[in-house]
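Working notes, structure below.
The values are calculated or read from the model by the stated rules, or taken from the named source; none is laboratory data. Since we're looking at a predicted model, the values are computed, not measured. Reconstructed Cβ throughout: ideal geometry from the backbone, glycine too, with neighbour counts over all protein chains shown. The protein model used for the area step is the full one, side chains on, heavy atoms only, and it has no ligands, DNA or RNA in it. Shrake-Rupley method; radii C 1.70, N 1.55, O 1.52, S 1.80 Å.
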Amino acid sequence: MKAVGRFVWSIYVPCFYWWSVWTSYAILLLMARWHVRGRKNVPGGPLILASSHLGNVDPMMLAIAFAPRRRYIRFMAKEQLFRYILTPFVVGWNPIRLYRGASDRNAMRKAEAEVRSGGLLGMFPEGTRSKTGDLGPLQGGTALIALRTNTSILPVRVFNTNHLGKKGNLFPRPTLTVRIGKPFPVEREEGPLGKQVEELTERIREELEALRLEHEAEAA
């Protein structure tokens, strides 16, 4: 029975994922103006998507942005998301459940297994949504997984997603942008892992800030 259940689940997850992505895309066209920059930078093979985080819709926005490249994103999701009314929707995407505030070794093992199998792992290095729109402090988990698996990182910055669905106007139609940077390789070197995590985390921050500057230059 377990084998049958795993087979059914392996069919259900991609079907539900792509159905929800394209359905949400149709809804998004009514609710916002949006742009994707740098989609050609998305490669095949194992990859870690490191994105800024502004709103609850960010995972869906990223999934829509990556859909034409036919890349399924398996996100890491905080445990609290499995407790609300949208839990069936969250579970249907088969995310990696992460218990924040402690070293969740099980989640880390699953994340590493995902990229080792050639998958695309979606992560928000800030660990939470930014309330100001600026990039908040980055956690070291993204860098740690990348170093332990020698997996390239793809920096992505989202803009204005926190304005989608704001109260006061039924159809405010904000302009949303997903800006995809260029992937850069990661390879663990000899020496203390902790120091390499710090350095790579700073590299991720620099790449995300560079995307902000590109966005501002384009808007000027």
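Summary table below
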| read-out | value |
| --- | --- |
| Identity of the residue in the range 190-208, part of a helix (DSSP H, G or I) and of a type in the set (D, E, K, R), that ends up farthest from Val156 (Cα to Cα) | Lys195 |
| Breaking point among (1) at pLDDT 95 or above; (2) within 30 Å of Leu30 (Cβ to Cβ), for Gly168 | (1) |
| Residue count for the range 182-218, restricted to those that are within 15 Å of Leu138 (Cα to Cα) and hydrophobic (A, V, I, L, M, F, W, C) | 4 |
| Total residues in the range 173-195, condition open to solvent by 20 Å² or more (accessible area, probe 1.4 Å) and either free of Cβ contacts under 8 Å to residues at least 40 places away in the same chain or over 26 Å from Gly55 (Cα atoms) (or both) | 10 |
| Pick from the range 141-158, criterion among the small types (Gly, Ala, Ser) and open to solvent by less than 30 Å² (accessible area, probe 1.4 Å), ranking: farthest from Ile180 (Cα to Cα) | Gly141 |
| Residue selected from the range 124-137 under the condition under 14 Å from the mean Cα position of the chain (by Cα) and open to solvent by 20 Å² or more (accessible area, probe 1.4 Å), by the criterion modelled with the highest pLDDT | Phe124 |
| Filter result for Gly181 (at pLDDT 95 or above, of a type in the set (Gly, Ala, Ser) and in contact with a Leu (Cβ under 9 Å, 6 or more places away or on another chain)) | yes |
| Of all residues making up the range 125-153, the number that are outside any loop (DSSP other than H, G, I, E, B) and within 28 Å of His163 (Cβ to Cβ) | 3 |
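Yes/no matrix, rows are residues, columns are (1) at pLDDT 90 or above; (2) touching a helix residue (DSSP H, G or I) at 6+ places or on another chain (Cβ under 7 Å):
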| residue | (1), (2) |
| --- | --- |
| Ala3 | no, no |
| Ile11 | no, no |
| Pro14 | no, no |
| Leu29 | no, no |
| Trp34 | no, yes |
| His53 | yes, no |
| Pro59 | yes, no |
| Pro68 | yes, yes |
| Lys78 | no, no |
